[in-house]
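Novice: Quick one: the structure is below, and I'll ask about it shortly.
FYI, it's all coordinate maths here, none of it is from the lab. Small disclaimer: the values here were computed from a predicted structure and weren't measured. Please note: Cβ atoms are built from the backbone with ideal geometry, for glycine as well, and neighbour counts cover all protein chains shown.
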Amino acid sequence: MEYKDLNLKNKAHKHSYLFAGIAMIAITLVCWLVYLYWPASVSDGIHDYSAKRDRQAILDIFEKDWYWMVEGDRNSFSPAKMLDTKSPKEARYNPALRGQEKIKVLLVNGKVGGFITYYKRKAYLGHVHLINVLSEHRGHGYANKLMRIAIDDLFSDPTISMVKLAVRRNNQTAIKLYKRLGFFEMNDREGSGDAITDFALTRETYTK
């Protein structure tokens, strides 16, 4: 009897060790999945673009503010392709620009509140391509911060001596910001029904 009892106890111990091992493996697997897929907490401020976090919110901004952001109609430019490839439209005929568009995203209360995109267009020239701050977050200096991050990053390249951008002439709020930063008007040109004004900034005119 004592021998049988000992065998039963040994078997019980083996089963308990087996269950404990399985439980540890399961817990480890769950922790790994949580780490892998649980959205990371990101503080408010300006961050590098994250497709998982920012893509749809930015596409929604385009849907809402297309007129103010894009010079042509909706067939002239693909925001989704720009985000997915990080390439300006010019990359279609200039392969050197593929993957060169930088995207910075403003987070407010953990959500996308605006963004800016920019890239080195030529050896001496930087270009601010797109900028938008959601209407509910305007008036807090966010556009100024986005612009300065882009300008400072572009001018950190010693070969860049000028930064350009284009804006609709009737967007006076944006024009006032650009002029405060040191941009000066270059010329008007026709866009999709409204005049587009080109502005330029040099290292000498930049108001820091």
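Novice: Of all chymotrypsin sites (Phe, Trp or Tyr not before Pro) in segment 86-183, which ones are in loop regions per DSSP and have a Cβ with at most 15 other Cβ atoms within 10 Å? All intermediate terms of the calculation are to be shown ahead of the outcome.
Specialist: Values: sites: Tyr93, Phe115, Tyr118, Tyr119, Tyr124, Tyr142, Phe155, Tyr178, Phe183; in loops: Tyr93, Tyr124, Phe183.
The qualifying sites are Tyr93, Tyr124.
Novice: Moving on to the next point. Fewest first, what order do Val112, Val42 take by the number of other Cβ atoms within 10 Å?
Specialist: Details: Val112 23, Val42 12.
With the fewest neighbours first, Val112, Val42 line up as Val42, Val112.
Novice: Can you tell me how much longer the chain between Asp48 and Lys111 gets when fully stretched, taken as 0.36 nm per residue apart minus their C-alpha distance, in nm with one decimal? Don't jump to the answer; show the numbers that get you there.
Specialist: Values: separation 63, 0.36 × 63 = 22.68 nm, distance 1.36 nm.
Gain on extension, Asp48 to Lys111, equals 21.3 nm.
Novice: For segment 114-208, with the dipole built from +1 on Lys and Arg beta-carbon atoms and -1 on Asp and Glu ones, taken about the Cα centre, which of Ala195, Pro158, Asn171 lies farthest toward the positive end?
Specialist: Of the options given, the answer is Pro158.
Novice: Taking the Cβ of each residue in Leu181, Leu165 as the centre, tally the other Cβ atoms inside 10 Å and list the residues starting with the fewest.
Specialist: Working: Leu181 18, Leu165 22.
If I rank by nearby Cβ atoms, fewest first, I get Leu181, Leu165.
Novice: Most exposed first by the Cβ proxy, i.e. fewest other Cβ within 10 Å, how do His129, His137 rank? Each step should come with its number before you reach the end.
Specialist: Values: His129 20, His137 16.
Neighbour counts put them in this order, fewest first: His137, His129.
Novice: Just how large is the dipole of segment 45-202 about the Cα centre, in debye to the nearest 20, putting +1 at every Lys and Arg Cβ and -1 at every Asp and Glu Cβ? Intermediate results must be reported in sequence, preceding the final value.
Specialist: Details: 26 positive and 19 negative charges, 58 e Å.
Roughly 280 debye, rounded to the nearest 20.
Novice: Another one. Using only alpha-carbon positions, what ratio does the radius of gyration of segment 45-202 give when scaled by 2.2 N^0.38 Å? Walk me through the intermediate numbers first.
Specialist: Values: Rg = 14.7 Å, N = 158, 2.2 N^0.38 = 15.1 Å.
Taking the Cα Rg and dividing by 2.2 N^0.38 Å, one obtains 0.98.
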